[in-house]
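**Q** Here it is, the structure in full.
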Amino acid sequence: ANYEVTKISDETFYKCSELTSVTLPHGIESIGKNAFRSCTNLTSVILPNSIVSIDEGAFRACSNLPSIIIPDKVKSIEFGTFSGCWRLSSISFGRELNSIGSYAFSDCSALTSVDIPSGVHTIEQGAFSGCSKLTTIKLPNTLTMVTTNAFSHCTNLLSVYCYAKDTP
């Protein structure tokens, strides 16, 4: 019998420190909690457009990951999904994204700018805390809530552009 894989289960590749590249095939719809957490030599991740959910901590502490493209169908970036990805300097957000969870990108110390796409209405607690090289943030007109410490310890932050009708 043929079985189609649609999910990478929780902790499937947790601490696979020799893993350097991941290309998931079309048909994968979800990535479980901590699925690739602490894959410290991971330098390339290619996610298919079939992905609809990436659970908490999925890529946490992938300290050598330089960039990520979030597929369009992903609506929420969960708790700590990319936390501690020190080399993450480029994020491309999907078109259907509506919330960025607590500590989703905390301690991503290589990030220098973040352009939150239109459609996002919530940025949760500590979402970008500790992003020490972050200098510029652009917040969309759809934003209605930014919670506690969302950008705390962003010690080089110079410019925040908020396009929301009412400042959240």
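The values are calculated or read from the model by the stated rules, or taken from the named source; none is laboratory data. For clarity, every value in this text was computed on a predicted model and none was experimentally measured. Cβ coordinates were reconstructed from backbone atoms using ideal geometry, including for glycine residues, and neighbour counts include every protein chain displayed. Side chains are part of the model used for accessible areas, which takes the heavy atoms of the whole protein and leaves out ligands, DNA and RNA. Shrake-Rupley method; radii C 1.70, N 1.55, O 1.52, S 1.80 Å.
**Q** Run the 1.4 Å probe and let me know the accessible area of Leu24, rounded to the nearest 10 Å².
**A** The value for Leu24 is about 20 Å².
**Q** Roughly speaking, to the nearest percent, how much of the chain's 1.4 Å accessible area is carbon and sulfur?
**A** Details: 3950 of 8340 Å².
Answer for the chain: carbon and sulfur cover 47 percent of the accessible area.
**Q** Follow-up. For the chain, what is the relative contact order in percent, using Cα pairs closer than 8 Å and at least 6 residues apart in sequence?
**A** Working: 560 pairs, mean separation 22.9, N = 168.
Relative contact order here is 14 percent.
**Q** Also, I was wondering about something else. Obtain the nm distance between the two label points defined at Thr43 and Cys162 by a simple spin-label model: each point lies 7 Å from its Cα along the Cα-to-C-beta direction.
**A** Label-label distance for Thr43 and Cys162, simple model: 4.0 nm.
**Q** Now for a separate question. For region 1-85, restrict the atom set to alpha-carbon positions and state the Rg and Dmax in Å.
**A** In order Rg, Dmax, the Cα atoms of region 1-85 give 11.9, 40 Å.
**Q** Taking 0.36 nm per residue of sequence separation and subtracting the Cα-Cα distance, how much length would be gained by fully extending the chain between Asp115 and Ser89, in nm to one decimal? Each step should come with its number before you reach the end.
**A** On the way: separation 26, 0.36 × 26 = 9.36 nm, distance 1.23 nm.
Extra length available between Asp115 and Ser89 comes to 8.1 nm.
**Q** Right, another one. Under 19 Å from a point placed 7 Å out from the Cα of Glu18 along the Cα-to-Cβ direction: which residues of region 31-48 have their backbone N that close?
**A** What the label zone holds, given the 19 Å backbone N cut-off, is 36-44.
**Q** For the chain, what does the accessible surface come to per residue with a 1.4 Å probe? Please give it in Å². Present the calculation step by step, with values, prior to reporting the outcome.
**A** On the way: 8340 Å² over 168 residues.
Accessible surface, normalised per residue, equals 50 Å².
**Q** Taking the highest mean first, how do the peptides 57-66, 14-23, 150-159, 38-47 order by number of other beta carbon atoms within 10 angstrom per residue? Numbers along the way, then the final one.
**A** Details: 57-66: 22.3, 14-23: 13.0, 150-159: 14.8, 38-47: 17.6.
Put in order of decreasing packing, that is 57-66, 38-47, 150-159, 14-23.
**Q** Taking every Cα atom in the chain, find the radius of gyration and the maximum pairwise distance Dmax, and write them in Å.
**A** 15.5, 57
**Q** Quick one: how many lysine pairs in the chain have C-alpha atoms under 20 angstrom apart, if they're 8 or more apart or on different chains?
**A** Count of close lysine pairs: 9.
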